[in-house]
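Data first, discussion second: the structure below is written as structure tokens.
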Amino acid sequence: MNKMLLLCGCLAVLTVSCAKDKPEEPIPAKIIELQYNGTVAEEGTVIHFSSVSSDSRCPTGTQCTWEGNAEIVLELTGDGNQVATLNTNPQFQQTYPYNKHKITLKELKPYPEVGQTIDTDSYVAVLSIEK
């Protein structure tokens, strides 16, 4: 009987200590689509899509020597005001840490097509926000 109580006590201690050692599940990134000149609030951080600085992405239907790049500007508020410049090309900055978040430009829509001009108001930034 004493051995059984001792075994149960050891199992209880082991279960509690294992539960404490288990790493926390990472919080999945939240994907948002932010319209040009739009604003979104995410857990104490306000993100405003203020401009497209440049868009030199290679239009569909053409052959380019370089894939190009689109650069956007986000105004961030919440823990002080900051400006983040993010790019579609991985050779340049795509992620910006701010207010315990990691904001990443995943895509800029629409993608350029041959012979078409993109109206600034039609841009949509696809952002990943991780905590």
Review point. Would you pick out the residues in the stretch 35-62 that are part of a strand (DSSP E or B) and β-branched (Val, Ile, Thr)?
Key: Thr39, Val40, Thr45, Val46, Ile47, Val52, Thr60
Exercise for review: Check off (1) closer than 27 Å to Pro26 by Cβ; (2) free of Cβ contacts under 8 Å to residues at least 12 places away in the same chain for Asn81 and give me the number that stays unchecked.
Suggested key: (1)
Point to revise | Index of the failed condition, Ile27 passing every other in (1) in contact (Cβ under 8 Å) with a residue 12 or more places away in the chain; (2) hydrophobic (A, V, I, L, M, F, W, C); (3) in a strand (DSSP E or B) | key: (3)
Review point. Within the stretch 103-122, how many residues are assigned to a loop (DSSP other than H, G, I, E, B) and within 19 Å of Glu67 (Cα to Cα)?
Key: 8
Check your understanding: Do you know which of the residues in the stretch 63-92 that are assigned to a strand (DSSP E or B) and either of a type in the set (Asp, Glu) or in contact with a Gly (Cβ under 6 Å, 6 or more places away or on another chain) (or both) is farthest from Tyr123 (Cα to Cα)?
Key -> Glu75
Point to revise | Residue that is farthest from the chain's Cα centre (by Cα) [pool: residues in the stretch 93-128 that are hydrophobic (A, V, I, L, M, F, W, C) and within 16 Å of Pro59 (Cα to Cα)] | key: Val114
Study note, to complete from the structure: Restricted to the stretch 31-72 and to residues being among the small types (Gly, Ala, Ser) and loosely packed, with under 12 Cβ neighbours inside 10 Å, the residue farthest from the chain's Cα centre (by Cα) is Gly61
Exercise for review: Go through (1) among the aromatic types (Phe, Trp, Tyr); (2) in a loop (DSSP other than H, G, I, E, B); (3) surrounded by 15 or more Cβ atoms within 10 Å (Cβ to Cβ) one by one and return the number of the condition Tyr96 breaks.
Suggested key: (2)
**Study point:** Options Glu25, Glu71, Glu43; residue that is of a type outside the set (Gly, Ala, Ser) and at pLDDT 95 or above
**Key:** Glu71
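The values are calculated or read from the model by the stated rules, or taken from the named source; none is laboratory data. What you see is a predicted model, and the numbers here were worked out from it, not measured in a lab. Cβ coordinates were reconstructed from backbone atoms using ideal geometry, including for glycine residues, and neighbour counts include every protein chain displayed.
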